[in-house]
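The next block holds one structure in the form of C-alpha cells; read it before the comments.
The values are calculated or read from the model by the stated rules, or taken from the named source; none is laboratory data. Remember, predicted model here, so these are calculated numbers, not experimental data. Note that each Cβ is placed from the backbone with ideal geometry, even for glycine, and that neighbours are counted across all protein chains shown. For the accessible areas, the whole protein counts, side chains as well, though only heavy atoms, and no ligand, DNA or RNA atoms are used. Shrake-Rupley method; radii C 1.70, N 1.55, O 1.52, S 1.80 Å.
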Amino acid sequence: MVRAAIEWTHAMDTKLRHFERCGLCVRRQARRLGVSERSIYPRRKQLRLDSQKSKKI
C-alpha cells in the first residue's frame, strides 16, 4: 500500500521551525501538523533541523 505524498507548504515549514525552537518532541510536532511521525524526520533533515544543531553548547 502506498502512502500519499505530503504537500509541504511554507506555513507548515514555519510551524516546524517554531516547534523546533520550542523544543517539542517529534511525536507532538506530527500531531499538531496532522501528519505522520515518519514524514517529519525527512522534512526536518531537508530543513537542516537536526538535533546536533538545536543543542546549545
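So the values come out like this:
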read-out	value
Counted residues, the range 7-36 - those being open to solvent by less than 70 Å² (accessible area, probe 1.4 Å) and within 9 Å of the chain's Cα centre (by Cα)	9
Single condition residue 4 does not satisfy, out of (1) open to solvent by 40 Å² or more (accessible area, probe 1.4 Å); (2) modelled with pLDDT of 90 or more	(2)
Filtered residues of the range 3-24 (kept if within 13 Å of residue 35 (Cα to Cα) and either out of contact with any Leu (no Cβ under 8 Å at 6 or more places or on another chain) or not in a helix (DSSP H, G or I) (or both))	3, 4, 5, 6, 7, 8, 9
